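Here, each number is a calculation from the coordinates, and none is a lab measurement. Since we're looking at a predicted model, the values are computed, not measured. Reconstructed Cβ throughout: ideal geometry from the backbone, glycine too, with neighbour counts over all protein chains shown.
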Amino acid sequence: MIHPFTDLVKQFFTRVHAFMRAQLNILEEHSAIVAPFPGSAFSTVEFNFGDAPMHTRKDVRDAFHAPCVITILGDFNPLESAILMVPRDNLAMCCPLGSTIVIASSVKDFFFTKVKPGQTRYLFQQSFHSGIQGWIDRGFRSAAAYDAEATAEEKLEVETRSNARVPFTVKLFSRLNELYA
């Protein structure tokens, strides 16, 4: 069974999904690491079992190209608490129990307001860890092993690919005319 949030990413981020899945396929072929769920395009899942501190966070560990999918669970009154805040965009969004949000967590600062005493909130977060991409790029070697073992040609190839990462990533994003054709 393919995870429903993978389907969501596949529908709205078609090329991003294909790239994430291709990276996981490479990873699965060359290591014992597999996706958290069969068929998933996400490399990483996190569970937050408590009221997260009310500080702004940006997940620089998440890959720039990949959306982060967060499902809000628990026992809380969404009209009183558990509000998603994205300060730079002046956005405040009520997140009822079971809500799923998609956010570019590697580039957007965000936080959730605290829940009231006696209430609980849990976050189930799926993302694609940027370290996975680096590990694949370095030929499944640690940064230290890569620095010691890689040829000048390999290093130039990885540096060239790294320098082209932002324009490459922007081309992965879906366009409105593709989504609503």
Query raised in the report: Simple spin-label model, 7 Å along Cα-to-Cβ: Asn90 to Asn177 in nm?
Result: 3.1 nm
Query raised in the report: Which residues' amide hydrogens lie under 5 Å from the amide hydrogen of Ser99, considering only partners 5 or more residues apart or on another chain, with H built in the peptide plane?
Result: Ile72
**Report entry** Additional length obtainable on full extension of the chain from Thr120 to Val107, 0.36 nm per residue less Cα span
**Finding:** 1.9 nm
Requested in this report: List the DSSP H helices in the chain whose Cα atoms stretch 18 Å or more along the helix axis and whose mean Kyte-Doolittle hydropathy is at least -1.0.
Outcome: 14-30
Query raised in the report: If you look for lysine pairs in the chain that are eight or more places apart or on different chains, how many of them have Cα atoms under 23 Å apart?
Result: 6
**Report entry** Spin-label pair His129/Phe47, simplified geometry with 7 Å Cα→Cβ offset, distance in nm
**Finding:** 1.7 nm
Query raised in the report: How many percent of the alpha carbon pairs in the chain exceed a separation of 30 Å?
Result: 27 percent
Query - Local net charge near Thr169, Cβ-Cβ under 13 Å (Lys/Arg +1, Asp/Glu -1) - result: +3
Report summary line: Summing -39500 (n - 2.57) over every DSSP H run of at least 4 residues in the chain and dividing by its residue count gives a helix-only mean residue ellipticity at 222 nm, to the nearest 500 deg cm²/dmol, of -10500 deg cm²/dmol
